[in-house]
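The values are calculated or read from the model by the stated rules, or taken from the named source; none is laboratory data. Here the structure is a predicted model, which is why all the values come from computation and not from measurement. Backbone-built Cβ (ideal geometry, glycine too); neighbour counts: all protein chains shown.
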Amino acid sequence: MSADLIIVLTAVLVAIPCALLGTLLVLRQMSMMGDAISHAVLPGIVIAFFISESLGALTSLIGAGVFGLLTAVLVEALRNTGRVKEDSSIGIVFTALFALGVFLVSKFAREVHLDLNHVLYGEIAFAPLNSLLVGGVELGPRSLWAMGIVTALAVGMVLLLYKELKIATFDPGLAAAIGLSPVLVHYLLMGAVSVTTVGAFDSVGAIVVVAFLIVPPATAYLLVDRLSHMMALAVLLGAGSAVVGYYLAAVFDVAIAGMMAVVAGGFFVLALLFSPSRGLIANLRRQRRNRRSFARGLLLAKLAGLGDRATTEEELVHHLSWDSDDVSRALQDASSDGLIRRSEVGEVVLTDEGQVTAHRVVENNAAAI
Amino acid sequence: MKPNNVQTPSATFPLEVKGITAAYRDKPVLWDVSFQVPEGQLVAIVGPNGAGKTTLLKIIMDLMQPAAGRATVYGRPFSKARQWVGYVPQRGSVDWDFPTNALDVVQMGLYGRLGWFRRPGRKERETAMQCLEKVGMADFADRQISQLSGGQQQRVFLARALAQDARLYLTDEPFAGVDYKTEQAIVALLRELKATGSTVVVVHHDLGTVSDYFDRVVLLNKSLVAEGPVEEAFTPENVAAAYGGGVKYLAGAK
């Protein structure tokens, strides 16, 4: 396998579980929990490192899983004291745990080969260099194995518990009432996020993994409106960011993981601007269209209210207290729809169709009020 | 709806609340509340804000531990009776921007019967569709739920309760924020549930409609003020007692 392929494949295997689990985090309004866990697992990794004397995939997965769940439990416990709000309790717990990890690394850094830069930013370029050795047999790049296992776990969990994850996220009250414990689902999800983060640690680090967790799902959220579609699209966007980011990083000779996160952010900005249903531009257009059609309706109603006599544009400006520009635009709209016509001397007259529309507008508004 | 196929023990009350006291820290929200709900009745739980209505529902459904007392459903603790219970949470308790459609929300009413791991299939889809038809929302099955009006959202929630095919329905403020037409549709639906022999308990806010809509009333203000058939329990004196005399109003009009 070429080094390029190994790196891209590793990144894609980071992107997949992150997108699946991140979708649920985003919908549960728990994005910050992903951030928190990705940092708080650090002491778990360091302790596992001491125990196993190497960054053995399994021990660090377990260590991270334990500390990830611990984070979720502590956040909940702190919040339940009623003395701290949830966002503060997340901030307190994860910074404390992360700092503990930093402390452990710096204190014992001489004895172990684990440096902080690596923890924070990862180094996916090393992915092809570390091979997994089992009983003296080389089994290929370790990062691929680690992320392969993590991806399989995440995909398996989402497939197996799709309906439970969905109902616990959408309506935890009903989930509890029918016996599909949302608490259990919550901790399962937190555990899965922990394991995913630690798997991703080596390659993309604690900071960039948050971009993979949150940004592709947040992008997908703007584009589709079914949970399954959101997950699928988030996976595509995450994997796409990984691939595009890798090649852009090569072109500009910059950090690979960082470039991937930048690409993911770029996709998000595009969706935010151009999403046909929820994008800012579509929204602006819709607002303008509504305003114009409302203005047109108002103008027709006013004309009908003024009775049969012909009305000049100046009179309309006066009656509606609008700018003359707004009046001419509304007149233009109405006239291009055939609702008004101009008399020989330029006065405005409702057509028959305009009369009907005006009455409908008046009736509809009366009903709406 | 098809006749209910779940066997419930006879000769026990669908819902029995015995001496429930509950507190948030040291503030009591419910004090020694006891009452029984007989089978096949439409029951309103009424009381001012902070009277403990929603807390009572939570305790009944095991979502919160009482300081004392217990609630039973057909004589059993809730955890052994949940298959007989349909729950309609407050409309505002869920995120209507969630990426899903009306039909899918209704299908969630069937998840309890499916249990862990089993996925809904064609049968569940058809049942959910029938329930949407029942509430006049079949045309909106594929509609993203944020695009439904408040009244339509409430109907989807009721369709989901129908899908649960329960003997006892617990509904939390189903009339909150819906228009008159939807309110009538919901009342008709609750009456239909009653007609099929189900028992319906409604946490209710509007004193003006209690006599019109319900058979029985539970008047609550931390402790039980009165309980019984509407014509006996829903007297101006009792309402004044529950609301601290602040309501001089049309409770006696009927």
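Residue count for segment A:79-93, restricted to those that are surrounded by 14 or more Cβ atoms within 10 Å (Cβ to Cβ), at pLDDT below 90 and part of a helix (DSSP H, G or I): 2. Mind checking whether some residue in segment B:31-48 is closer than 17 Å to A:Leu174 by Cα and either at pLDDT 95 or above or part of a helix (DSSP H, G or I) (or both)? No: segment B:31-48 contains no residue that is closer than 17 Å to A:Leu174 by Cα and either at pLDDT 95 or above or part of a helix (DSSP H, G or I) (or both).
Counting the residues of segment A:222-251 that are assigned to a helix (DSSP H, G or I), modelled with pLDDT under 95 and within 14 Å of chain B (Cβ to nearest Cβ) gives 0. For segment A:20-30, check the following and say yes or no: at least one residue is of a type in the set (A, V, I, L, M), within 14 Å of chain B (Cβ to nearest Cβ), outside any helix (DSSP H, G or I) and under 29 Å from A:Asp171 (Cβ atoms). Taking every residue of segment A:20-30 in turn, at least one turns out to be of a type in the set (A, V, I, L, M), within 14 Å of chain B (Cβ to nearest Cβ), outside any helix (DSSP H, G or I) and under 29 Å from A:Asp171 (Cβ atoms).
Does A:Ala146 satisfy the criteria of being crowded, with 17+ Cβ neighbours inside 10 Å and either in contact with an Asp or Glu (Cβ under 9 Å, 6 or more places away or on another chain) or within 12 Å of chain B (Cβ to nearest Cβ) (or both)? Yes; evaluated as a whole, the condition is true for this residue.
Kindly indicate the residue of segment A:160-207 that is modelled with pLDDT of 95 or more and among the hydroxyl-bearing types (Ser, Thr, Tyr) and also surrounded by the fewest Cβ atoms within 10 Å (Cβ to Cβ) among those meeting that condition. Among those that are modelled with pLDDT of 95 or more and among the hydroxyl-bearing types (Ser, Thr, Tyr), it is A:Tyr162.
Of the listed requirements (1) modelled with pLDDT of 90 or more; (2) surrounded by fewer than 23 Cβ atoms within 10 Å (Cβ to Cβ); (3) within 14 Å of another protein chain (Cβ to nearest Cβ), B:Trp84 misses just one: (2).
Criterion applied to A:Thr219, A:Thr197 was being of a type in the set (S, T, N, Q) and away from chain B (no Cβ under 14 Å), and the one residue passing it is A:Thr197.
I'd like to know if segment B:77-87 contains one or more residues that are among the hydroxyl-bearing types (Ser, Thr, Tyr), in contact (Cβ under 8 Å) with a residue 24 or more places away in the chain and at positive phi.
Going residue by residue through segment B:77-87, those that are among the hydroxyl-bearing types (Ser, Thr, Tyr) are B:79, B:87.
If we keep only those that are in contact (Cβ under 8 Å) with a residue 24 or more places away in the chain as well, we get B:87.
Now drop any that are not at positive phi, which leaves none.
Taking every residue of segment B:77-87 in turn, none turns out to be among the hydroxyl-bearing types (Ser, Thr, Tyr), in contact (Cβ under 8 Å) with a residue 24 or more places away in the chain and at positive phi.
I'd like to know if segment A:59-72 contains one or more residues that are at pLDDT 90 or above and out of contact with any Phe, Trp or Tyr (no Cβ under 8 Å at 6 or more places or on another chain). So far as segment A:59-72 goes, yes, one or more of its residues are at pLDDT 90 or above and out of contact with any Phe, Trp or Tyr (no Cβ under 8 Å at 6 or more places or on another chain). For B:Gly69, the conditions (1) within 19 Å of the chain's Cα centre (by Cα); (2) within 22 Å of B:Ala22 (Cβ to Cβ); (3) outside any loop (DSSP other than H, G, I, E, B) are fulfilled apart from (1). Every condition in (1) facing another protein chain (nearest Cβ under 7 Å); (2) part of a helix (DSSP H, G or I) is met by A:Leu153 except one, and the failing one is (1).
Are any residues in segment A:60-78 surrounded by fewer than 16 Cβ atoms within 10 Å (Cβ to Cβ) and over 25 Å from the mean Cα position of the chain (by Cα), and if so, which ones? Listed by number, the list holds a single entry, A:Ala77.
Got at least one residue in segment A:100-122 being among the small types (Gly, Ala, Ser), modelled with pLDDT of 75 or more and over 21 Å from A:Ile51 (Cα atoms)?
Pass one, segment A:100-122, residues among the small types (Gly, Ala, Ser): A:101, A:106, A:109, A:122.
From the residues that got through so far, the ones that are modelled with pLDDT of 75 or more too are A:101, A:106.
So of that shortlist, the ones also over 21 Å from A:Ile51 (Cα atoms) come out as none.
No.
Pairs meeting the criteria (first residue in segment A:210-232 and in contact (Cβ under 8 Å) with a residue 24 or more places away in the chain, second residue crowded, with 24+ Cβ neighbours inside 10 Å and polar (S, T, N, Q), beta carbons under 6 Å, at least 6 apart or on different chains) are A:Val210/A:Ser38; A:Pro217/A:Thr23; A:Met230/A:Thr23; A:Met231/A:Thr23.
Here is a yes/no grid of residues against (1) farther than 24 Å from A:Leu180 by Cα; (2) at pLDDT 90 or above:
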position: B:Asn5; (1), (2): no, no
position: B:Thr8; (1), (2): no, no
position: B:Lys27; (1), (2): yes, no
position: B:Ile59; (1), (2): no, yes
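The criterion of at least 2 residues that are buried (at least 17 other Cβ atoms within 10 Å of the Cβ) and within 10 Å of chain A (Cβ to nearest Cβ) is met by the following helices (runs of 4 or more DSSP H) wholly inside segment B:94-145: B:102-107, B:111-114.
Of the residues contained in segment B:40-57, one or more are found to be touching a strand residue (DSSP E or B) at 6+ places or on another chain (Cβ under 6 Å), within 14 Å of another protein chain (Cβ to nearest Cβ) and not aliphatic (A, V, I, L, M).
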